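Trainee: Sharing a structure, written as structure tokens. Questions coming.
Every number in this text was worked out from the coordinates using simple rules, so none of it is lab data. Predicted model, so just to flag it, every value in this text is computed and none were measured. For neighbour counting, all protein chains shown are included, and Cβ atoms are generated from backbone atoms with ideal geometry for every residue, glycine included.
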Amino acid sequence: MNTSYLAVFILITAGMLFSVLKKKLTVTAALTGGLLAVIVFAGTGFTGISLLAVFFMLGTGATGWKFNAKMKEGIAEDTQGKRNAGQVFANAGSAAILAVFALYNTGATNIVHLMIAGCFSAATADTLSSELGNIYGRRYYNILSFKKCNAEQMER
């Protein structure tokens, strides 16, 4: 095995352990994330795992940003910011599915890599907008009705 691949697997394992110890992920979420990370790496190499890492760091940072203020206002998640396996799969599952596709369809690798970048871009935008929007946002609009609402109504 290539030593750089071994280093990636060690980093994934360290990230899983760190995430559980720092209460960023549940144990099952960390295991799910680790599995998805290995799949993304297998299908996309260093590019895909780098996109995943950037998403995770930005998302974790945004969740923790002014967390006490979110708690005080009642807009923080009930899990104290700890993500579960379903949330992890929602954010990285489509990228992992595309990575498997890339493994078996080498002629489509470039377009699949672009699609994976889109997956992580969308997940990052969603996470940052919801986590930071609750802190810095003042005007909320329902995306379906375009009517004004408050932060509590947005959570429903």
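Trainee: For a quick check: with amide H placed at 1.01 Å from N, whose amide H comes under 5 Å from Arg83's, ignoring anything fewer than 5 positions away on the same chain?
Mentor: The list, which skips near neighbours in sequence, is Leu25, Thr26.
Trainee: A follow-up question, please. What is the helix-to-structure angle for 3-21, meaning the angle in degrees between its Cα long axis and the longest Cα principal axis of the chain, kept from 0 to 90 and rounded to the nearest 10?
Mentor: 30
Trainee: Okay, moving on. Can you give me the relative contact order of the chain as a percent, contacts being Cα pairs under 8 Å and 6 or more apart? Please list the in-between numbers first.
Mentor: Values: 148 pairs, mean separation 41.1, N = 156.
RCO, the chain: 26 percent.
Trainee: Assuming 1.306 mPa s and 10 °C, estimate D for the range 3-155 with Stokes-Einstein, Rh taken as the Kirkwood radius over Cα pairs, in µm²/s. It would help to have the intermediate numbers written out before the result.
Mentor: Working: Rh = 16.5 Å.
Approximately 96 µm²/s, per Stokes-Einstein.
Trainee: While we're looking at this one, here's another question. When we measure straight from the Cα of Lys24, which lysines land under 28 angstrom away, once same-chain ones fewer than 8 places off are left out?
Mentor: Within reach: Lys66, Lys70, Lys72, Lys82.
Trainee: Could you order the peptides 115-127, 90-102, 2-14 from most to least packed, using the average number of other C-beta atoms within 10 Å per residue?
Mentor: Highest mean packing first, the order is 90-102, 115-127, 2-14.
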